[in-house]
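Structure first, then comments.
The values are calculated or read from the model by the stated rules, or taken from the named source; none is laboratory data. In this text, all values refer to a predicted model and were calculated from it rather than measured experimentally. Here the Cβ positions follow ideal geometry from the backbone for every residue, glycine too, while neighbour counts run over all protein chains shown.
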Amino acid sequence: MRLGGQRPSRNVEDRRGQARSGGLGGGFGRGPIRMPGGRGGGGLGLGGMLLLIGVMWFLGVNPLDLLVGETTAPQQRERVDQGFSRPDAVAGRDEEASDFVARVLGTTERVWEGIFDENGREYAHPRLVLFDDQTRSGCGLGAAAMGPFYCPADSTIYLDLSFFQELETRFGAPGEFAQAYVIAHEVAHHVQNLTGTLERTTAQRARSPAAANEISVRVELQADCYAGIWAHALAQEGTILEDGDIEDGMNAASAIGDDRLQQQTQGRVAPETFTHGTSAQRVGWFKRGMEAGTVEACDTFSGEI
């Protein structure tokens, strides 16, 4: 990717080196995270969380699950006002990587600003927090082992940069565009939050617990399609993408399909537990958004997926 001429986003906050003490159990007590399907009355214990992490590494925290429990309380919606860090002021730790993240986020801001403007709306930028180990979010305590995630309660994306190394070495998805796709996917969840999709689908899950996983898959595939819209816009500009970039993005989408991850982590595939879609589905919806470049092409809630 050629990002040198791109405006870095000013909505990046660097909390690296500020990891909280304590284990995972206490943090998720205030904002319970439930197993896919929304069943159960409380948050996962430490053992359950570690099991969930083993299966959902890279998939991140399901944004629908983050909306359950106490995360909808007003006090949980308050921003953690620690101020934004200018990307060019981050010193001493992975400056090149943090600059890359800021510039990628800047491209998503520009693309979605244009799309929202065409529809007579103003695009509210998300915040992106860089952290290591763990950090407090509006959805409870976030840990690096979850992978990148979006918290709708505070409109913030949380990212530990060490994940990019895991993306290459563990999941076999190298390349800058693969990393950028991850950011674009989380930004897509922010778009779903702004348009009311997350709120609507959370209500649907509550009404139909048996369909909760399928609804989750449709939400995630739409986010992949929205990431494809972003890629389409960059391709149209003709100055940012390089040969092989799109292939790297599709490779990343394939690498994190539920079927592929389950086969790797547990040696078998259980379709009834899918929450993000198969590798083929994820690649297919990313390609659909990339080829069409329109929000209308990303209706994953009608018909087969």
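Assess whether residue 234 counts as being buried (at least 18 other Cβ atoms within 10 Å of the Cβ), modelled with pLDDT under 95 and among the aliphatic types (A, V, I, L, M).
Values: buried (at least 18 other Cβ atoms within 10 Å of the Cβ): yes; modelled with pLDDT under 95: no; among the aliphatic types (A, V, I, L, M): yes.
Criteria not met by residue 234.
Pairs only if they're at least six apart or on different chains, beta carbon under 6 angstrom, first in the range 128-156 and closer than 16 Å to residue 186 by Cα, second among the hydroxyl-bearing types (Ser, Thr, Tyr) and part of a strand (DSSP E or B); list them, first residue then second.
Taking only residues 6 or more apart or on different chains, the pairs are 129/156; 129/158; 137/158; 142/135; 142/158; 149/158; 151/137.
Applying the selection to the range 255-305, what residues are among the aliphatic types (A, V, I, L, M), touching a residue at least 24 places away in the same chain (Cβ under 8 Å), surrounded by fewer than 18 Cβ atoms within 10 Å (Cβ to Cβ) and not in a helix (DSSP H, G or I)?
Passing the criteria: only 305.
Within the range 138-174, restricting attention to residues that are hydroxyl-bearing (Ser, Thr, Tyr) and at pLDDT below 95, which residue is nearest to residue 254 (Cα to Cα)? It would help to see each step written out before you state the result.
Step one: list which residues in the range 138-174 are hydroxyl-bearing (Ser, Thr, Tyr), which gives 150, 155-156, 158, 162, 169.
Subset that is at pLDDT below 95: 162, 169.
Details: 162: 20, 169: 15 Å.
In this case the residue turns out to be 169.
Do you know which of the residues in the range 116-141 that are within 13 Å of the chain's Cα centre (by Cα) and assigned to a strand (DSSP E or B) is farthest from residue 97 (Cα to Cα)? Write out each step before concluding.
Step one: list which residues in the range 116-141 are within 13 Å of the chain's Cα centre (by Cα), which gives 126-129.
Remaining after also requiring assigned to a strand (DSSP E or B): 127-129.
On the way: 127: 17, 128: 14, 129: 13 Å.
Restricting to residues being within 13 Å of the chain's Cα centre (by Cα) and assigned to a strand (DSSP E or B), the top hit is 127.
Out of the range 1-34, which residues are at pLDDT below 95, hydrophobic (A, V, I, L, M, F, W, C) and not in a helix (DSSP H, G or I)?
Hits for the range 1-34 are 3, 19, 33.
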